[in-house]
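Notes to accompany the following structure.
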Amino acid sequence: MSSYLIAPSILSADFARLGEDVANVLKAGADVIHFDVMDNHFVPNLTFGPMICQSLRDYGITAPIDVHLMVKPVDSLIPSFAKAGADIITFHPEGSDHIDRTLQLIKDHGCKAGLVLNPATPLHCLDFVMDKLDVILLMSVNPGFGGQSFIPTTLDKIKLVREKIVASGRDIRLEVDGGVKADNIAEIAAAGADMFVAGSAIFSKDDYQQAIDEMRAQLATVKQ
Ligand SMILES: O=C(CO)[C@H](O)[C@H](O)COP(=O)(O)O
């Protein structure tokens, strides 16, 4: 398996000083910035759009930006996020009428593409698009809010998706999002995840470096 990536979710960052907060979390050792886009329609919360992504780039953030679109419909936002500096764009199958077409649209705009599965979304929607996926994101909470508890049945789902990835023979990241903390990250990695979104577990701490170091220390205990 490839190396582990830690992706702080800016949903829990300080929006009043976002550029500085993102720069600080990257300085503390984050690999990727996770950018949660919510539309108050697909999920019951409202966050930010492509202009904020562009603002982070203009501020000087060069790290990969992983845009998680919790919106419906999804297609019309893809070109503007690609232009605003997204590297990875993921969406929920429920947000697209034509999943294959939406994946291709993301790739045509030069980004890595991924599907996001909610805790109760079955795995069969992955079956005929594995060849187009760079990332599979499993939600370990119901989307909409940070600070929720990890849903334990996600561990079995991670194992099943890891088997699918191995069977595909492709290099697909398996990302997990929701309730990820230093005290459960090793178990999540042992189940087969290799990319970890954490919002409150990092941004609620005074010392981001210590929070990320604790996660990496736990990941170092996982047998690969
Ligand atoms: O997508 C999300 C919510 O829809 C967030 O990324 C996720 O919940 C992370 O927050 P936390 O680590 O605090 O659980």
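Quick note: the coordinates plus some simple rules give every number you see, no bench work behind them. Here the structure is a predicted model, which means the values were calculated and not measured. Using ideal geometry, Cβ is built from the backbone for each residue, glycine included, and neighbour counts are taken over all protein chains shown.
Quick rundown of the values:
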| item | result |
| --- | --- |
| Strands (runs of 3 or more DSSP E) lying entirely in segment 124-224 (those with 1 or more residues that are away from the ligand (no atom under 13 Å from the Cβ) and under 15 Å from the mean Cα position of the chain (by Cα)) | 135-139, 173-177 |
| Number of the exception - Pro122 against (1) surrounded by fewer than 20 Cβ atoms within 10 Å (Cβ to Cβ); (2) touching a residue at least 24 places away in the same chain (Cβ under 8 Å) | (2) |
| Sole residue being within 16 Å of the ligand (Cβ to nearest atom), in contact with a helix residue (DSSP H, G or I) (Cβ under 8 Å, 6 or more places away or on another chain) and of a type in the set (Val, Ile, Thr), chosen from Ile61, Ile89, Ile78 | Ile89 |
| Filter result (farther than 17 Å from Ala193 by Cβ and within 16 Å of the ligand (Cβ to nearest atom)) within segment 99-123 | Ala120 |
| Condition check for Asp66: surrounded by 15 or more Cβ atoms within 10 Å (Cβ to Cβ) and within 16 Å of the chain's Cα centre (by Cα) | yes |
| Pair list, Cβ under 6 Å, 6 or more apart: segment 164-183 residue β-branched (Val, Ile, Thr), other residue in a helix (DSSP H, G or I) and within 16 Å of the ligand (Cβ to nearest atom) | Val176/Ile188 |
| Inter-residue pairs, beta-carbon under 9 Å, first under 14 Å from Leu103 (Cα atoms) and in segment 127-156, second part of a loop (DSSP other than H, G, I, E, B) and charged (D, E, K, R), 6+ apart | Met130/Arg170; Asp131/Arg170; Leu133/Arg170; Asp134/Arg170; Asp134/Asp171 |
| Residue in segment 65-73 that is over 21 Å from Pro143 (Cβ atoms), in contact with a Ser or Thr (Cβ under 8 Å, 6 or more places away or on another chain) and away from the ligand (no atom under 16 Å from the Cβ) present | no |
| Members of segment 14-41 found to be within 13 Å of the ligand (Cβ to nearest atom) and surrounded by fewer than 20 Cβ atoms within 10 Å (Cβ to Cβ), listed by number | Asp39, Asn40 |
